[in-house]
1. Collect the residues in the stretch 124-168 that are more than 13 Å from the ligand (Cβ to nearest atom), in contact (Cβ under 8 Å) with a residue 24 or more places away in the chain and either open to solvent by less than 30 Å² (accessible area, probe 1.4 Å) or in a helix (DSSP H, G or I) (or both), keeping them in residue-number order.
2. Tell me which residues, restricted to the stretch 74-96, are among the β-branched types (Val, Ile, Thr) and in contact with a strand residue (DSSP E or B) (Cβ under 6 Å, 6 or more places away or on another chain).
3. Would you pick out the residues in the stretch 112-123 that are within 16 Å of the ligand (Cβ to nearest atom) and open to solvent by 10 Å² or more (accessible area, probe 1.4 Å)?
4. So which residues in the stretch 83-111 are within 19 Å of Ala152 (Cα to Cα) and open to solvent by 30 Å² or more (accessible area, probe 1.4 Å), if there are any at all?
5. Please work out which one of (1) assigned to a loop (DSSP other than H, G, I, E, B); (2) within 16 Å of the ligand (Cβ to nearest atom); (3) among the small types (Gly, Ala, Ser) is the condition Ala182 fails and give its number.
6. Can you give me the number of residues within the stretch 21-37 that are open to solvent by less than 40 Å² (accessible area, probe 1.4 Å) and either in a loop (DSSP other than H, G, I, E, B) or under 18 Å from Thr107 (Cα atoms) (or both)?
7. What is the one condition in (1) surrounded by 15 or more Cβ atoms within 10 Å (Cβ to Cβ); (2) out of contact with any strand residue (DSSP E or B) (no Cβ under 8 Å at 6 or more places or on another chain) that Ser55 does not satisfy?
8. So which of Ala8, Ala85 is in contact with an Asp or Glu (Cβ under 6 Å, 6 or more places away or on another chain), among the small types (Gly, Ala, Ser), without any contact (Cβ under 8 Å) to a residue 40 or more places away in the chain and within 30 Å of Arg176 (Cβ to Cβ)?
Amino acid sequence: MKLFLDTASLDEIREANRWGVLRGITSNPTLIAKEEKGFLPLVKEICSIVDGDVSIETASDDTETLIRQAHEIDQIADNAVVKIALTPNGLAAVRAVSDEGIKVNVTLCFSPAQAILAAEAGAYIVSPFLGRLDDVGTDGLRLLSDICEIYAIQGYDTQVLAASLRHPIHVVESARLGADIATMPFKVFEGLVKHPLTDAGFKRFINDWEGAKPYLGELPSSMQEE
Ligand code: E4P
């Protein structure tokens with residue numbers, strides 16, 4: 001399962017990228033607005049940092065306008081993916097631009113029926129929003145499980161991207177259920193690596209190492225520096 005960050009923050013993207021496990025970015029109008037920066041320079045910079053798909057969202061529900069926006073977003077960078085909301089007009093645009101070879105992430109998916117429509121329209125990615133379903137008392141992971149099962153039975157190529165993830169368990173369960181991609185805020189990304197036993201164990205190893213130095217004799221030069 002590929003790990004994506006759901007952010008438009010350059011600092012967060014650079015930090016996660018440094019860890020060597022970041023495979024892509026999802027953004028949306030809310031995340032772009034939060035940065036208070038020029039849209040084109042910001043998304044171009046994001047695309048240049050990340051070696052993987054960067055989803056950039058359209059902002060219309062008119063099919064012709066969506067098609068024009070998709071063409072322009074697709075031209076931003078080789079790794080730009082066009083995000084289109086799962087509405088009837090959106091699906092018509094997905095069909096049109098997917099047929100031209102443009103990669104589309106169909107977003108705001110909240111039901112298996114919508115996910116079938118996204119795949120049938122030729123989507124490159126479908127994004128079920130788990131956390132927002134949990135927020136209204138519906139099981140987001142159950143939706144992901146249903147979509148993964150249906151896509152496997154039908155042999156759809158559309159990648160399933162688990163979105164709106166709120167905590168590391170969402171990420172682990174998404175991997176278990178067979179999601180192709182999980183996108184998450186930086187806080188959740190950090191939560192994947194943190195464990196108090198790792199911190200305590202590491203501290204103890206370093207202390208023991210320092211204490212043993214008088215007896216360890218000659219050390220490789222890089223280990224003398226610590
Ligand atoms: C995905 O592409 C969306 O940008 C995102 O996951 C939405 O998450 P939220 O429900 O935390 O806003």
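1. Selection gives Leu141, Leu143, Ser145, Asp146, Ile147, Cys148, Ile150, Tyr151, Ala152, Gln154, Thr158, Pro168.
2. Val81, Val82, Ile84, Val94
3. Hit for the stretch 112-123 is Gln114, nothing else.
4. Phe110, Ser111
5. (1)
6. 7
7. Result: Ser55 fails condition (2) only.
8. The conditions single out Ala8.
The values are calculated or read from the model by the stated rules, or taken from the named source; none is laboratory data. Treat the numbers as computed from the prediction; the structure is a model and nothing was measured. So basically every Cβ, Gly included, is an ideal-geometry build from the backbone, and we count neighbours across all protein chains shown. Ligands, DNA and RNA are stripped out before the accessible areas are found, and what is left, the full protein with its side chains, is counted by its heavy atoms. Shrake-Rupley method; radii C 1.70, N 1.55, O 1.52, S 1.80 Å.
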